[in-house]
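Structure, as structure tokens:
Laboratory data are not the source of any read-out in this text; all were calculated from the coordinates shown. Note that the structure is a prediction, hence the values are computed from the model and not measured. Every residue, glycine among them, receives a Cβ derived from its backbone with ideal geometry; neighbour counts consider all protein chains shown.
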Amino acid sequence: MAKFAVILPAAGKSTRFKDAFYKKPFFPMADKAVWLYSAERFLSRDDVVQTILVIHAEDREYFQQKFAANIAILGIEAVDGGAERADSVQAGLARVKPTADFVCIHDAARPCICNEWIDKIFAAAEKHDAALFAVPVQGTLKRVGPNHRIEETVAREHLWEAQTPQVFRRELILEAYAKRGNFAATDDAQLVERLGRPVTVVLGSPVNLKITTREDLRLAEQAMKALPKPKLPGPIHPFEDDDKWR
């Protein structure tokens, strides 16, 4: 069985979230903080050997006060991130165990994920070395100038919106980040693309949304209800195996 390390970036400034008390990964959604929904999906898996949460250094004191018990019980490692998302992921990569075959990077503020989808993206990464979830662009795209006037309509054919998880063979993503330099990547697959290596796209879901604004929280709460339910084992008949009852 392949082994996966999971990095959950949560070091952003949440500028567009516009809440005076919470950054978006730490906002209480229903009964727990947003980041815990994302983390717990991976922590329950036998093929995940390490989970790393990357937070902003200025949030360290608050995080320890609020979530120290969660970290201790769940066995999550919290590390300080950097100025940009790529810097934070790189900080997480520096802590990945060499026993991990693959690295999965998933937005901590993207809580609407389920085991069925994780199975799918993990399998794609094992087969192709690099894989990400994405959805085809559905709307009409406009390029808008500084005067808020349309400059052109952009064809949406072959355009997809990237999501996470994004999963890579460990050596591949380490090489991609080692050769990043000062390049400001907006996602991890972009750095693998710069190596000239193929990245496989797996059809994602609009339900797998990323929380950016307060309005997204309400959408996420509803999206949670639409997630595929875990498949439970069927009941065992007491006489299927007599040895079990002797």
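Assorted remarks:
- GNM on the chain, alpha-carbon springs under 10 angstrom: the most fluctuating residue among Val137, Val192, Val48 is Val137.
- Near the amide H of Leu53, within less than 5 Å, lie the amide hydrogens of Leu8, Glu77, Ala78, Val79, all on another chain or at least 5 residues away, with H placed in the peptide plane.
- Coarse-grained scattering of the stretch 35-78 at q = 0.16 Å⁻¹, given as base-10 log I(q)/I(0) from a Debye sum over alpha-carbon atoms: -0.41
- Largest to smallest principal axis extent of the C-alpha atoms in the chain, angstrom: 80, 43, 38
- Approximating the spin labels as points 7 Å out from Cα along Cα→Cβ, the Ser44-to-Asn182 distance works out to 4.6 nm.
- Exposed-loop-free span, longest in the chain, where GluC sites (Glu not before Pro) count as exposed if DSSP calls them loop and at most 16 other C-beta atoms lie within 10 Å: 1-83
- Whether the stretch 10-150 is rounded, prolate or oblate, judged on the alpha carbon gyration tensor where a/c under 1.5 counts as rounded: oblate
- For the stretch 219-227, 3J(HN,Hα) per residue [Karplus equation, 6.51 cos²θ - 1.76 cosθ + 1.60, θ = phi - 60°, Hz, x = Gly/Pro]: 5, 5, 4, 6, 5, 3, 6, 9, 5
- Cα-Cα pairs of the stretch 128-228 separated by more than 15 Å (percent): 72
- Backbone HN-Hα couplings from phi across the stretch 57-73 [Karplus 6.51/-1.76/1.60, Hz, Gly and Pro as x]: 4, 6, 9, 4, 5, 4, 4, 5, 5, 8, 10, 4, 5, 4, 4, 5, 5
- Here the Debye sum runs over all C-alpha atoms of the stretch 24-100 as equal scatterers in vacuum, and log10 of I(q)/I(0) at q = 0.24 Å⁻¹ comes out as -1.33.
- Inter-part distance where the stretch 178-200 and the stretch 53-131 are each reduced to a Cα centre, Å: 18
- Spherically averaged projected area in nm², based on the convex hull that wraps the Cα atoms of the stretch 67-211: 11.1
- Selected from Pro28, Ile121, Leu172, residue furthest toward positive end of dipole (the chain; charges at beta carbon): Pro28
- Helix axis angle, 34-43 relative to the chain longest principal axis, alpha carbon, degrees: 50
- Links that overshoot a 32 Å alpha carbon limit, given the list Lys3/Lys24; Lys66/Lys225; Lys179/Lys225; Lys97/Lys142: Lys179/Lys225; Lys97/Lys142
- Multiplying the residue separation of Glu157 and Thr213 by 0.36 nm and subtracting their alpha-carbon distance yields 17.4 nm.
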